[in-house]
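The values are calculated or read from the model by the stated rules, or taken from the named source; none is laboratory data. The structure displayed is predicted, hence computed values, not measured ones. Backbone-built Cβ (ideal geometry, glycine too); neighbour counts: all protein chains shown. Only protein heavy atoms, including side chains, enter the accessible area calculation; ligands, DNA and RNA are left aside. Shrake-Rupley method; radii C 1.70, N 1.55, O 1.52, S 1.80 Å.
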Amino acid sequence: GQSLEQPSEVTAVEGAIVQINCTYQTSGFYGLSWYQQHDGGAPTFLSYNALDGLEETGRFSSFLSRSDSYGYLLLQELQMKDSASYFCAVRGNNAGNMLTFGGGTRLMVKP
Amino acid sequence: GAVVSQHPSWVICKSGTSVKIECRSLDFQATTMFWYRQFPKQSLMLMATSNEGSKATYEQGVEKDKFLINHASLTLSTLTVTSAHPEDSSFYICSASDNGGLSDTQYFGPGTRLTVL
């Protein structure tokens, strides 16, 4: 089976940088994804890492180390609108594209 | 980008009634759709994987006779909560992938908030 761990809550101020970590245990591994979800809304795709290293998309970057079963989402120049829950998700097998989600990290950005 | 819609966005029903939720991929064909349930401040829990033209695959602990899934076309999957009870109240979200499992990107619908009185 799959299990993912991430901090339940993180607080930061506007303009700061925050890193949300995710460790996973899977029977197979095909990639680590990150999703953002605002209260009452649906998850939206942020990034995906299949190989080791850093992927940068604007203010957001995502990192993966497969040997450590670890990844993180880095948010720079935080804005109030970044307050949301962030989920890491693992695709653990090649059949059906099923994702297993972590418990989510609630990010609160303060002025 | 890929757009997935859900209808209704919210529904309130009496205990014992059945509720149908539709999930549509608007600008792509979805060979696979997924149904999730999310309780307040919790993660998304996969309920079932729906493949067009075949029976859905349910996750352990999900009653297939209570949560009926039909994926009759490449753009529509439906989830019917039969004989709903208050404990079924939750946020139900569907997602779709567009190439039968080769992509890691799932496109999520806006969700349906079900309240059973």
Q: Please average, across the residues of A:100-111, the number of beta carbons from any other chain that are within 10 Å of each residue's own beta carbon, and give a whole number.
A: 2
(Q) Taking loop as defined by DSSP and a crowding limit of 12 other beta carbons within 10 Å, which trypsin sites (Lys or Arg not before Pro) in the range B:1-94 fit? (A) B:Lys14, B:Lys41, B:Lys55
Q) Relative to the compact globular guide of 2.2 N^0.38 Å, what is the alpha carbon radius of gyration of the range B:1-72, as a ratio? A) 1.18
Q) What FRET efficiency, computed as 1/(1 + (r/R0)^6) with R0 = 22 Å and r the Cβ-Cβ distance, is obtained for A:Ser65 and A:Ser3, rounded to the nearest 0.05? A) 0.80
Q) Ignoring the sites themselves, what is the longest stretch of chain A with no GluC sites (Glu not before Pro) in a DSSP loop and at most 13 other beta-carbon atoms within 10 Å? A) A:15-76
Q: Find, among the GluC sites (Glu not before Pro) in the range B:39-108, those assigned to loop by DSSP (not H, G, I, E, B) with at most 11 other beta-carbon atoms within 10 angstrom.
A: B:Glu63
Q | Pairwise Lys count, the protein assembly as shown - Cα closer than 16 Å, eight or more residues apart or different chains | A | 6
(Q) Just to be sure I understand: with springs between alpha-carbon atoms less than 10 Å apart, which residue in B:Gly61, B:Gly16, B:Gly53 has the highest mean-square fluctuation in the Gaussian network model of chain B? (A) B:Gly61
(Q) Please compute, for peptide B:46-56, the average count of beta-carbon atoms on other protein chains lying within 10 Å of each residue's beta-carbon. (A) 1
Q. Counting partner chain Cβ atoms within 10 Å of every residue's Cβ in B:33-42, what's the average?
A. 2
Q. At a 1.4 Å probe radius, carbon and sulfur cover how many percent of the accessible area of the protein assembly as shown?
A. 50
Q) From Cα coordinates alone, what are the radius of gyration and Dmax values for chain A in angstrom? A) 13.4, 44
Q. Near the amide H of A:Met108, under 5 Å away, which other amide H atoms are found, from residues 5 or more places off or on another chain, if H is placed in the peptide plane?
A. A:Val10, A:Thr11, A:Ala12
Q | Heavy-atom accessible surface that A and B bury in contact, both chains counted, 1.4 Å, Å² to 100 | A | 1600
